[in-house]
Amino acid sequence: MFPADFLNIERVSCSNSARSKKHILEKVGRLLASAVPDLTQDMVFDKLLERERLGSTGLGQGIALPHARMPGVEQACGAFLQLEIAADFDAIDQQPVDLVFALLVPEEATQKHLQLLATLASLLSDKIFCNQLRSAESDESLLKTFLKQ
């Protein structure tokens with residue numbers, strides 16, 4: 001379902017300690033930057049923050065899907081945080097988030113990348129799937145849950 005190396009163990013974090021929207025974006029910025037040579041955490045953070053200024057990517061029901069188009073990215077890549085404590089993310093339902101999937105796509109994002117974003121949003125709207133993510137106790141179990149989709 002996902003492109004090769006879209007998500008790997010280095011970009012998954014179970015029981016992450018991020019406590020604010022800014023801290024969450026910094027954490028996923030670091031994870032995503034590790035996927036692409038020449039990207040830094042600050043570069044990714046700035047793009048994610050720029051996108052958030054257009055409107056929150058907090059989807060509601062405890063889920064956030066921050067994403068951005070990024071120069072230098074040739075293939076979509078993702079990072080996932082399961083938060084230790086739910087944090088305010090300015091979600092549409094005003095509820096804190098505890099599951100955060102971040103996505104970088106090439107600057108020239110195509111219909112394929114929009115479809116990937118829609119697929120993630122649909123997957124994260126599945127309560128059973130999200131409960132499996134919430135009950136995972138390790139990075140490995142989080143990754144396994146995603147990969148079996």
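The values are calculated or read from the model by the stated rules, or taken from the named source; none is laboratory data. Worth saying up front: this structure is predicted, and the values here are computed from it rather than measured. Using ideal geometry, Cβ is built from the backbone for each residue, glycine included, and neighbour counts are taken over all protein chains shown. All accessible areas refer to the heavy atoms of the entire protein, side chains included, with ligands and DNA or RNA removed. Shrake-Rupley method; radii C 1.70, N 1.55, O 1.52, S 1.80 Å.
Numbers for the structure displayed
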item: HN-Hα J in Hz across the stretch 102-119 - Karplus 6.51, -1.76, 1.60, θ = phi - 60°, x for Gly and Pro; result: 9, 9, 10, 10, x, 4, 8, 4, 9, 4, 4, 6, 5, 5, 4, 4, 5, 4
item: Quarter of Cα convex hull surface for the stretch 104-148, i.e. mean projection, nm²; result: 3.7 nm²
item: Where the chain is the region considered: accessible area per residue in Å², 1.4 Å probe; result: 50 Å²
item: Net +/- balance of residues flanking LEU81 in space, Cβ distance below 10 Å, scoring K and R +1, D and E -1; result: 0
item: Of LYS22/LYS47; LYS22/LYS148; LYS27/LYS47, those spanning more than 20 Å from alpha-carbon to alpha-carbon; result: LYS22/LYS148
item: Relative contact order (%) - criterion: Cα under 8 Å, at least six apart; region: the chain; result: 27 percent
item: Rounded to 5, the percent of DSSP beta bridges in the chain classed as antiparallel; result: 50 percent
item: Assigned charges on the beta-carbon of Lys, Arg, Asp, Glu; the chain dipole about Cα centre (debye); result: 240 debye
item: The chain shape via C-alpha gyration tensor axes, a/c threshold 1.5; result: rounded
item: Amide proton proximity set for ASN16, modelled H, under 5 Å, gap of 5+; result: GLN82, LEU83, GLU84
item: Values of log10 I(q)/I(0), in the order q = 0.10, 0.25, 0.26 Å⁻¹, for the stretch 61-149 under a Debye, Cα-only, solvent-free model; result: -0.26, -1.31, -1.35
item: GNM result for the chain, Cα springs below 10 Å: residue of SER13, SER135, SER34 fluctuating most strongly; result: SER135
